[in-house]
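Here's the structure, in structure tokens; my notes come after.
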Amino acid sequence: MLCLGITPQDHICHFLKAGIFKKGTISMKNFMTTTAVLAAMTAATTANAQGMGGDFYASVFGGYSLGDVTTEGELSGYNFDVTAEGESGYILGLTVGTTVAPNIRAEAEVSYAAYAVDTLAISYSGGGYDIDASEADVSTTATYLLANVWYDIPNVAGGSGIAPYVGGGVGYGVLTGKVDDGGEVDLFDDAGGIAFQIGAGIQVPVGAGMIDVGYRFKGVTGGETDNFVLEDELDEISSTSNTFQAGYVLKF
């Protein structure tokens, strides 16, 4: 990572390379609020399902994910964006849910995604340039805690049990970024914000459970942290990803 120290973008580059950071913390108020909402949803759906005779399920899943993380801030009077582009990685997760109405499922999801970054694209009020992130081994992660609702489309394949579905969810997400340029440092840490996803898929009966194959568009918006190269001058961190996943669902 070459930083000449001549132009405003070089000052940003120096900060990225040197790792001059300040410790950040997750917004525990937002985290606890989201956790309480998920707990309330789980309790309500459990009671409802018990009244309906019970239709619970749990699943594990994994897949391939492509994403971008963008930060916005200001340095020495220059507004700038730093985007981690060309991210490719994996996602792992689990869900617990139940049927709450005919063809409608509610579930809680915990998932974790990790990415390797190809390029850091830096744009500022006077121009922009790219940094080859492979030179410094830049990586990001995203952790999601989501409350999802899915609609199972009925009567698609007769009595085969094959069930396409659509839906989405909201919750809380935490983003982290690291640079390893001869020594690992935090690019940003514990950037918590509102998480969301929309998606679709299909479930196919296999054995005692179902194979679930689907697509998810996930994101975290409004992430904030004071553990970044620009300290308290950072405005916002956000991410989006396209995820292709497969998992196994077991009903009980």
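The residues listed here are V96, V110; of these, the one that is touching a Leu at 6+ places or on another chain (Cβ under 7 Å), modelled with pLDDT of 95 or more and either closer than 30 Å to W150 by Cα or surrounded by fewer than 17 Cβ atoms within 10 Å (Cβ to Cβ) (or both) is V110.
If you check A47, A58, which single one turns out to be surrounded by fewer than 17 Cβ atoms within 10 Å (Cβ to Cβ), aliphatic (A, V, I, L, M) and at pLDDT 90 or above? Let's see the steps before the verdict.
On the way: A47 fails: at pLDDT 90 or above.
Sole residue among the options that is surrounded by fewer than 17 Cβ atoms within 10 Å (Cβ to Cβ), aliphatic (A, V, I, L, M) and at pLDDT 90 or above: A58.
Counting only residues that are of a type outside the set (A, V, I, L, M), exposed (fewer than 14 other Cβ atoms within 10 Å of the Cβ) and assigned to a strand (DSSP E or B), which one in segment 192-222 is farthest from the chain's Cα centre (by Cα)? Residue satisfying both the conditions and the ranking: P205. When both residues are 6+ apart or on different chains and their Cβ atoms are under 7 Å apart, which pairs have a first residue that lies in segment 214-240 and is at positive phi, and a second that is modelled with pLDDT under 70? Here the result reads E231/K22, each pair linking segment 214-240 to a residue that is modelled with pLDDT under 70.
The values are calculated or read from the model by the stated rules, or taken from the named source; none is laboratory data. Everything quoted here is computed from the prediction, not taken from an experiment. Ideal geometry is used to build each Cβ from the backbone, glycine not excepted, and the neighbour counts take in all protein chains shown.
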